[in-house]
Amino acid sequence: MDKPKHIALNVAVAGAIALLLIWGTTQYRQWSQFSKGDQALASGDYIGAIAGYEAAIHMYTPLSPLVGRAADKLWLIAQTLEQRGDTAKALVAYRSLRSSFYAVRGLYAPGREWIDKCDARIAALIGTPAPLPQQPARP
């Protein structure tokens, strides 16, 4: 193998290893934050649970099942708080869920349906009309 091909192969292998390490670290941190959310929820600490699940979504990795599970748990917390009449904390949960998906935008925007659902619930709780769903930008 000539030298330029050997160098290119080494760079490609090093890049692949670096991406795998970043992905693995992010997955571990996501799992850790999700676990903290579960622990807080089990002890009745809704604010701690919201923070844990929100952070798990912030550690977004494509195809991770924890993102959807964290979103489901945040929605359930918000719904529970709303049913109990704790509007302030319900708003915190809805806004956390919505802002988590805004924060993970990159080459594409995951969680559009969660953002729209949260916008509708937030508008209902604060007594303003819900914003219209956003249409995708035209190329």
Listed by chain and number, the aspartates and glutamates with an alpha carbon less than 17 angstrom from that of Lys89, same-chain partners under 8 positions apart left out, are Asp45, Glu54, Asp72, Asp119
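About the Cα centre of the chain, how large is the charge dipole given +1 on each Lys and Arg Cβ and -1 on each Asp and Glu Cβ? Please answer in debye to the nearest 20.
300
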Cα axis of helix 46-58 to longest principal axis of the chain: angle in degrees, 0 to 90, nearest 10?
-> 30
In nm, spacing of pseudo-spin labels at His6 and Asp45 (7 Å Cα→C-beta vector) = 5.6
Tally Lys/Arg at +1 and Asp/Glu at -1 over every other residue whose Cβ is under 11 Å from the Cβ of Ala93; what's the total?
-> +2
Compute the long axis of helix 87-103 from its Cα atoms, compare it with the longest principal axis of the Cα atoms of the chain, and write down the angle in degrees, 0 to 90, nearest 10.
-> 20
Take every Cα pair under 8 Å in region 3-126 that's 6+ residues apart, average their separations, divide by the length, and report that relative contact order as a whole percent.
-> 18
Tell me, in nm to one decimal, what length is gained between Thr80 and Thr25 on full extension, where the rule is 0.36 nm per residue of separation less the Cα-Cα distance?
-> 16.6 nm
Relative to the longest principal axis of the C-alpha atoms of the chain, give the angle of the C-alpha long axis of helix 3-42, reported between 0 and 90° and rounded to the nearest 10°.
-> 20
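Bear in mind these aren't lab numbers, they're just calculated from the coordinates by the rules spelled out. In this text, all values refer to a predicted model and were calculated from it rather than measured experimentally. Reconstructed Cβ throughout: ideal geometry from the backbone, glycine too, with neighbour counts over all protein chains shown.
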